[in-house]
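Colleague: One structure, pasted below without further comment.
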Amino acid sequence: MTDRIAIVTGASGGIGHAVAVRLAQAGMAVAVHYSGNHDHAEAVADEIVGAGGRTIVVGAGFADEAQVAALFDEVEAEFGGVDVVVNTAGITNVRGTFVVSQQAARRVRKGGAIINFSTSVTKLAAPSYSAYAATKGAVDAMTLILAKEMRGHDVTVNAVAPGPTATPLYFEGKSQEVIDRAKAASPLGRLGEPNDIAEAVAFLAGPARWINGQVIYANGGVI
């Protein structure tokens, strides 16, 4: 995969950080996107460069069409094209995923991959998560439809749906009791780690050419 160019949105922290590093380890040149935390994005890029990888840091509001188009322009100017787009950025789940996917559909080269981020909550149906699950349900729908719309382009479109994953955002506001219940829900007896999710992304971004229009539940068996 050493000739592949990847954009990872939301790469400045949590799962996005792990995904950017993992794709760089696979030999891809990686555009580390950030929306608000430039310093964290620079730290991710430094980690990639320190391991011998190729990277640039790109900032954009991922729900803004003009800024996202400019992001793709910058990456194409630096590396010559785009092969993989990974939407790990959160918060504006529906709008952000739509805007980034729209550009990805226009720009990703033949043989490429578009990977969105869903959640296992859509299947777990956990109380108090209805609004969040609804936004991710929209991501699932966009993913499956876009896979069909890309007919003839040789570009796969899938989503990864993590379960409870040990990131700072996950731990925020949760009691130890809630965290312990989440660990016990998995037959493996632990929370997921960002690297667990990054491995699923790396599979879809490279060798998994016959997996298309799917939502992959990376959750340690909690469902």
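What follows draws every value from the coordinates through simple rules; no lab data is involved. Just so it is clear, the structure is predicted and the values come from calculations on it, not from any experiment. Ideal geometry is used to build each Cβ from the backbone, glycine not excepted, and the neighbour counts take in all protein chains shown.
Colleague: Can you give me the relative contact order of the chain as a percent, contacts being Cα pairs under 8 Å and 6 or more apart?
Modeller: 20
Colleague: So, one more: If you rank Leu146, Leu124 by fewest surrounding Cβ atoms within 10 Å, what's the result?
Modeller: Leu124, Leu146
Colleague: Count the lysine pairs in the chain whose Cα atoms sit under 26 Å apart, keeping only pairs 8 or more residues apart in sequence or on different chains.
Modeller: 9
Colleague: Taking chymotrypsin sites (Phe, Trp or Tyr not before Pro) as exposed when DSSP calls them loop (any state but H, G, I, E, B) and at most 14 other Cβ atoms lie within 10 Å, what is the longest stretch of the chain free of them, the sites themselves excluded?
Modeller: 1-128
Colleague: Tell me the trypsin sites (Lys or Arg not before Pro) within segment 75-158 that lie in a loop according to DSSP and have at most 10 other beta-carbon atoms within 10 Å.
Modeller: Lys110, Arg151
Colleague: Continuing with the same structure: Can you grab the distance from the C-alpha centre of segment 25-70 to the C-alpha centre of segment 176-193, Å, no decimals?
Modeller: Using only Cα atoms, the two centres lie 31 Å from each other.
Colleague: GNM on the chain, C-alpha springs below 10 Å: top fluctuator among Ile56, Ile179, Ile15?
Modeller: For the chain, modelled as a Gaussian network with Cα springs under 10 Å, the answer is Ile179.
Colleague: Divide by every residue of the chain the summed helix terms, -39500 (n - 2.57) for each DSSP H run of at least 4, and state the resulting mean residue ellipticity at 222 nm, rounded to the nearest 500 deg cm²/dmol.
Modeller: Dividing the helical sum by the residues of the chain leaves -14500 deg cm²/dmol.
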